[in-house]
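The next block holds one structure in the form of structure tokens; read it before the comments.
The values are calculated or read from the model by the stated rules, or taken from the named source; none is laboratory data. Owing to the predicted nature of the structure, the values given are computational and were not obtained by experimental measurement. Positions of Cβ are generated from backbone atoms using ideal geometry, with glycine treated the same way; all protein chains shown enter the neighbour counts.
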Amino acid sequence: MKQFSALAALVAAFLMITQSTFAWSNHYLFNRAALEALPELASAPKVKVERLEDFLLKEQASLAAALDQIEAEAKEAFPKAAPRPNALAFRGGDASNIRANFLRAIRVNPGTPLGYFLQQVPGQPLAGKKSDPNTVSIFGEKDLKRKYNFYDVKIGQAVSPVEVVATAGDEPDFGLDINLFEDNDSEFGKQYGFGKQSFGNPKLYYGTQAPFHIGYYHESGIIFLAAGFLKRTYPQYRVHQFLNLARHAFKTGHPYWGYRFLGWGLHYVGDLTQPYHARVLPNYGTMGMLWINTKAMIGFDGAKNDAIDRITARHTQIEEYHYSVLAEAYRTKNLEHPMLKAVTAIDKDQTYGPFDANYIIKKLTDESYEVSDSVDTLIDESNLLKGFSEGNLLPEANQKSLAELDKVITTHMGGVGAHLRNYVRAGLK
């Protein structure tokens with residue numbers, strides 16, 4: 001029992017320190033490419049931007065019933081997803097409060113700006129006025145870090161469905177899942193029913209969103225037995241919510257919000273394709289974690305600290321590298337770049353079968369978990385930590401191993417594109 005308690009504390013320490021909850025940096029760079037290859041979305045007619053309050057006021061009665069059904073289904077399918085308290089059930093409202101009532105009913109941060117904007121790829125001029133970062137993210141420019149190019153769209157403006165979904169696919173990183181737990185610094189977190197934060201670092205400004213953006217579904221039974229809090233994770237719940245909200249918006253004649261909700265759910269699908277969001281410690285395994293734990297128990301913390309440093313650095317560096325490669329491909333108009341070509345290839349889509357309740361665990365995260373060792377090893381062999389900085393490759397990089405890493409990421413991106421499209425297909429039915 002003492003060994004299990006210590007192992008739980010060790011896993012918690014790893015997750016407190018190593019978490020980078022942004023997964024891939026800027027999902028739009030691959031969302032857009034993947035979705036342009038989906039004929040039923042790419043050929044869909046443009047839709048008019050609609051104010052959120054207008055949608056809610058018009059559909060408040062049907063939406064109340066739909067949200068109740070969504071929660072009832074989630075309670076049955078995801079018992080650890082903390083059922084919504086009855087007091088938060090959506091019962092409509094008026095122009096002054098209906099937005100807040102809705103956001104509380106779906107248990108997101110009611111302070112998220114939810115402005116009206118689209119994104120543009122690097123190297124292309126904006127199609128409208130550059131957006132104020134404070135209309136995009138709850139943290140403003142601190143969050144966007146010059147990695148995004150947003151421009152405003154107006155209510156009533158006709159916009160592309162691909163652009164709406166691809167842009168909305170980044171929105172959950174901009175505040176929706178911040179401070180939702182009872183031990184976070186918010187009043188609504190005490191009301192939402194998610195309990196105490198299961199893992200992640202609440203001291204980081206974005207750290208409270210970790211359990212919503214990470215899904216450790218494939219750790220060993222020993223790890224789950226010792227660290228049961230790993231099971232209190234919520235991306236499946238969010239996908240279920242936003243997929244069904246999208247279907248309801250389409251059904252009731254509000255395509256802009258159908259596509260935008262669909263994009264919100266798309267974010268969690270994309271997050272779980274990041275190998276470090278599907279596995280606690282790549283290349284360590286259960287016995288490796290137990291050995292680190294045993295040494296830490298008797299006072300030798302070197303192995304634990306080395307593992308923390310190792311995973312933290314690799315997690316962050318692969319996100320930066322992936323972002324820089326895609327951003328440079330767009331800047332140089334190299335749309336034939338292997339990673340972009342892979343994410344647009346539709347040949348794998350049908351091999352996974354339709355997106356259903358089992359898809360995320362049985363197919364998507366299983367794939368992310370399995371590729372994690374290779375990615376982690378090749379980051380080391382390519383010397384990426386010293387050979388890549390601020391978007392530039394340095395002489396220290398091992399070009400042969402880096403080419404192997406690129407191949408592994410490229411192959412993985414083929415699956416990423418398929419998963420994104422299969423999810424969107426489910427929402428468009």
Selected residue [over 23 Å from F30 (Cα atoms), of a type outside the set (F, W, Y) and surrounded by fewer than 19 Cβ atoms within 10 Å (Cβ to Cβ)] from N358, N392
N358
Take the conditions part of a loop (DSSP other than H, G, I, E, B), of a type in the set (K, R) and closer than 20 Å to E59 by Cα and apply them to R91. Does it pass?
yes
Any residue in the range 358-377 that is part of a loop (DSSP other than H, G, I, E, B), over 26 Å from H240 (Cα atoms), of a type in the set (S, T, N, Q) and more than 23 Å from the chain's Cα centre (by Cα)?
no
Contact list please: Cβ distance under 6 Å, first residue in the range 74-100 and within 22 Å of F224 (Cα to Cα), second residue of a type in the set (S, T, Y) and in a loop (DSSP other than H, G, I, E, B), pairs at least six apart or on different chains.
A81/Y234
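Filter the range 361-389 down to the residues that are of a type in the set (S, T, Y) and touching a residue at least 40 places away in the same chain (Cβ under 8 Å), then identify the one that is surrounded by the fewest Cβ atoms within 10 Å (Cβ to Cβ).
T377
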Could you list, in sequence order, all residues of the range 236-257 that are in contact with a Ser or Thr (Cβ under 9 Å, 6 or more places away or on another chain) and not polar (S, T, N, Q)?
H248, K251
Does any residue of the range 146-165 turn out to be under 19 Å from the mean Cα position of the chain (by Cα) and over 21 Å from L326 (Cα atoms)?
no
Which ones in the range 38-77 are buried (at least 18 other Cβ atoms within 10 Å of the Cβ) and part of a loop (DSSP other than H, G, I, E, B)?
L38, V49, E50
Is it the case that some residue within the range 334-348 is at pLDDT below 95, outside any helix (DSSP H, G or I), small (G, A, S) and under 22 Å from the mean Cα position of the chain (by Cα)?
no
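Being small (G, A, S) and modelled with pLDDT of 95 or more, is that true of even one residue in the range 139-155?
Scanning the range 139-155 turns up no residue that is small (G, A, S) and modelled with pLDDT of 95 or more.
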Name every residue in the range 60-75 that is over 23 Å from the mean Cα position of the chain (by Cα) and over 15 Å from L103 (Cα atoms), in order of residue number.
A61, S62, A65, Q69, A72
Is it fair to say S5 is touching a helix residue (DSSP H, G or I) at 6+ places or on another chain (Cβ under 9 Å), hydroxyl-bearing (S, T, Y) and at pLDDT below 95?
yes
Look at R91 and say whether it is farther than 20 Å from F30 by Cβ and touching a Leu at 6+ places or on another chain (Cβ under 8 Å).
no
Inter-residue pairs, beta-carbon under 7 Å, first at negative phi and in the range 57-69, second in a helix (DSSP H, G or I), 6+ apart:
L57/I98; Q60/I98; L63/L56; L63/H248; A66/H248; L67/A105
Please specify each residue of the range 412-429 satisfying the condition of being more than 17 Å from G270 (Cβ to Cβ) and at pLDDT 95 or above.
L428
